[in-house]
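**Student:** Below is a structure I'd like to ask you about.
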Amino acid sequence: MRGTLIYGPRDVRSEERDDPEIITATDAIIRISATCVCGSDLWPYRGIEAVSEPTPMGHEYVGIVEEVGSEVRTVKPGQFVVGSFFASDNTCEICRAGYQSRCVHAEPMGRIGTQAEFARIPLADGTLVATPEVPDDDLVPSLLAASDVLGTGWFAAVAAEAGPGKTVAVVGDGAVGLLGVLAAKRLGAERIIAMSRHEPRQRLATEFGATDIVSERGDEGVARIKDLTNGLGAHSVIEAVGTQESMMQAIRATRAGGHVGYVGVAHDVQLPGDELFFSAAHLHGGPAPVRRFLPELIGLICNREIDPGKVFDLDLPLADAAEGYRAMDERRSIKALLRP
């Protein structure tokens, strides 16, 4: 099969890989209908995360079940399925508490690499959720978004306790931040402030429900949020970048007693204890337990109540994955969809 591998900084190749096979009785093999490039894939692409050998890429996926192991009960060949970027059993104590991404048997799908024609899905019963029927093609991008960026943005909004009467600020205008706007709107937030300097992303944020746009960053961005909230800061702040600047911007833009939902993959983030102590802000986040939200999100998408697939502004064949990486790295694209 064809699959995407990274060899080093800015060296992404589409090559032949071995077809996946059932390894354990709880595995499933799916034929990928669509996959994509994630913002987190750009960390190794830019050389911020080291790559020591050719490494399969991709952790977002939807597709048709081809084969299942002898112990798989909840999905069957021919079904269209959506899965999370972490495989989970969905039965352990941590999963039952709603944190499937930290399942005691969790397996990161990035190690398997779903930017490919086929993929082995471990713990298929706990990881995959079937749609009511094979969806129309126009729904596939939105269902793919549910596999990561929608579920992650949704978790960020929930962690930030976005809801009726709340003002929500969103730090980060990538796909996760934009879908955090959508989630906050769906959860009933009264005011949603999107922090963005890029006009196409500002337009999409507004379409998803943003009521205000703040283009400033850092301390200037915090000051602008305070200006918009009577000097208090937002009730809820979504942090969707993962840098020192973005995390501190999020904490400083939160009012005393407010909540930060942080889902940006942290790189060299260090929190000053004294400032955190006196902020009186709640921090909650980490790898999103996408599996917790998949049934609800799939229902909303299949009923055409939300359209998160709009974050995909570049549609490429899998063989052109390298262009998807380049486009996102150069900010010519919000998110690149790849079709095998």
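**Student:** Assuming R0 = 41 Å, can you tell me the calculated FRET efficiency for the pair Arg332 and His105, based on Cβ-Cβ distance, to the nearest 0.05? Show your work: numbers first, answer last.
**Tutor:** Details: r = 39 Å, r/R0 = 0.95.
Step by step, r from the Cβ atoms, then E = 0.55.
**Student:** What list of ³J(HN,Hα) couplings, whole Hz, do you get for the range 34-47 from phi and the Karplus terms 6.51, -1.76, 1.60, once you set θ to phi - 60° and write x for glycine and proline?
**Tutor:** Once rounded to whole Hz, the list reads 7, 9, 6, 9, 9, x, 5, 5, 6, 4, x, 4, 8, x.
**Student:** Using the Cα centre of the chain as origin and beta-carbon charges of +1 (Lys, Arg) and -1 (Asp, Glu), tell me which of Val181, Val170, Ala253 is placed farthest towards the positive end of the dipole.
**Tutor:** Going by the charge dipole, the pick is Ala253.
**Student:** Run the simple label-point estimate for Trp43 and Ala256 please: 7 Å along Cα→C-beta, distance reported in nm.
**Tutor:** Rounded to a tenth, the inter-label distance reads 3.5 nm.
**Student:** For the range 234-303 and the range 4-71, write down the distance between their C-alpha centroids in whole Å.
**Tutor:** Value for the Cα centre distance between the two parts: 27 Å.
**Student:** Counting pairs on different chains as well as pairs 8 or more places apart, how many Lys pairs in the chain have Cα atoms under 23 Å apart?
**Tutor:** Taking the Cα cut-off of 23 Å, the pair count is 6.
**Student:** Moving on to the next point. With a cut-off of 8 Å between alpha carbons and a minimum separation of six or more residues, what is the relative contact order of the range 1-158 in percent? Walk me through the numbers before you get to the answer.
**Tutor:** On the way: 366 pairs, mean separation 44.5, N = 158.
Across the range 1-158, relative contact order equals 28 percent.
**Student:** Taking a label point 7 Å from the Cα of Arg304 along the Cα→Cβ vector, which residues of the range 163-183 have an amide N closer than 14 Å to it?
**Tutor:** Of the residues in the range 163-183, none has backbone N under 14 Å from the label point off Arg304.
**Student:** For the chain, what is the accessible area per residue in Å², given a 1.4 Å probe and the full set of protein chains? Please report the intermediate quantities before stating the final value.
**Tutor:** On the way: 14190 Å² over 340 residues.
Ligands and nucleic acids excluded, the result is 42 Å² per residue.
**Student:** For the chain, give the magnitude of the charge dipole about the Cα centre (Cβ charges: +1 Lys/Arg, -1 Asp/Glu; no others), in debye to the nearest 20.
**Tutor:** On the way: 33 positive and 48 negative charges, 169 e Å.
Magnitude of the dipole: close to 820 debye.
**Student:** Return one number: the angle in degrees, 0 to 90 and rounded to the nearest 10, between the long axis of the Cα atoms of helix 199-208 and the longest principal axis of the Cα atoms of the chain.
**Tutor:** 90 degrees
**Student:** In the range 100-126, whose amide N lies under 15 Å from the spot 7 Å out along Cα-to-Cβ of Thr74? List them in ranges.
**Tutor:** 100-107, 121-126
**Student:** Run the dipole for the range 127-267 about the Cα centre, Lys and Arg Cβ at +1, Asp and Glu Cβ at -1, nothing else charged, and hand back the magnitude in debye, nearest 20.
**Tutor:** Numbers: 12 positive and 17 negative charges, 113 e Å.
Roughly 540 debye, rounded to the nearest 20.
**Student:** Roughly how many debye, to the nearest 20, is the charge dipole of the range 246-338 about its Cα centre, given +1 on each Lys and Arg Cβ, -1 on each Asp and Glu Cβ, and no other charges? Present the calculation step by step, with values, prior to reporting the outcome.
**Tutor:** Values: 10 positive and 12 negative charges, 52 e Å.
Using Cβ point charges on Lys, Arg, Asp and Glu, the range 246-338 gives about 240 debye.
**Student:** Could you give the angle, 0 to 90 degrees to the nearest 10, between helix 290-302's Cα long axis and the longest principal axis of the Cα atoms of the chain?
**Tutor:** The answer is roughly 90 degrees.
**Student:** Right, next: Pick out, from Leu300, His235, His284, the residue whose Cα sits farthest towards the positive end of the charge dipole of the range 229-319, with +1 on the Cβ of Lys and Arg and -1 on the Cβ of Asp and Glu.
**Tutor:** Ranked along the dipole, the leading option is Leu300.
**Student:** If contacts are Cα pairs under 8 angstrom and at least 6 residues apart, what is the relative contact order of the chain in percent?
**Tutor:** Working: 894 pairs, mean separation 64.0, N = 340.
In percent, rounded to a whole number, it is 19.
**Student:** Once Lys and Arg get +1 and Asp and Glu get -1 on their Cβ, which of Gly209, Ile32, Pro108 lies farthest toward the positive end of the dipole of the chain?
**Tutor:** Value: Gly209.
**Student:** Treating the angle as unsigned and between 0 and 90°, give the value, to the nearest 10°, between the Cα long axis of helix 175-186 and the longest Cα principal axis of the chain.
**Tutor:** Once rounded, one gets 70 degrees.
**Student:** Using helices alone, I'd like the mean residue ellipticity at 222 nm for the chain: each DSSP H run of four-plus residues gives -39500 (n - 2.57), total over residue count, nearest 500.
**Tutor:** Working: 12 runs with 101 residues, N = 340.
Dividing the helical sum by the residues of the chain leaves -8000 deg cm²/dmol.
**Student:** Residues of the range 110-138 with backbone nitrogen within less than 20 Å of a virtual label 7 Å along the Cα-to-Cβ line of Glu93, please, listed as ranges.
**Tutor:** Backbone N within reach: none found.
**Student:** With a cut-off of 8 Å between alpha carbons and a minimum separation of six or more residues, what is the relative contact order of the range 83-132 in percent?
**Tutor:** Relative contact order comes out at 45 percent.
**Student:** Would you mind getting me the FRET efficiency between Ala223 and Glu16? Use the beta-carbon distance for r and R0 = 56 Å, nearest 0.05.
**Tutor:** Working: r = 54 Å, r/R0 = 0.96.
Approximately 0.55, to the nearest 0.05.
**Student:** Per the 1.4 Å probe, what fraction of the accessible area of the chain, in percent, lies on carbon and sulfur atoms? Write out the running numbers ahead of the final one.
**Tutor:** On the way: 6740 of 14190 Å².
Within the chain, the accessible surface is 47 percent carbon and sulfur.
The values are calculated or read from the model by the stated rules, or taken from the named source; none is laboratory data. Predicted model, so just to flag it, every value in this text is computed and none were measured. A quick note on method: Cβ atoms are made from the backbone with ideal geometry, for glycine too, and the neighbour counts reach across all protein chains shown. The area values use the complete protein model at the heavy-atom level, side chains included, leaving out ligands, DNA and RNA. Shrake-Rupley method; radii C 1.70, N 1.55, O 1.52, S 1.80 Å.
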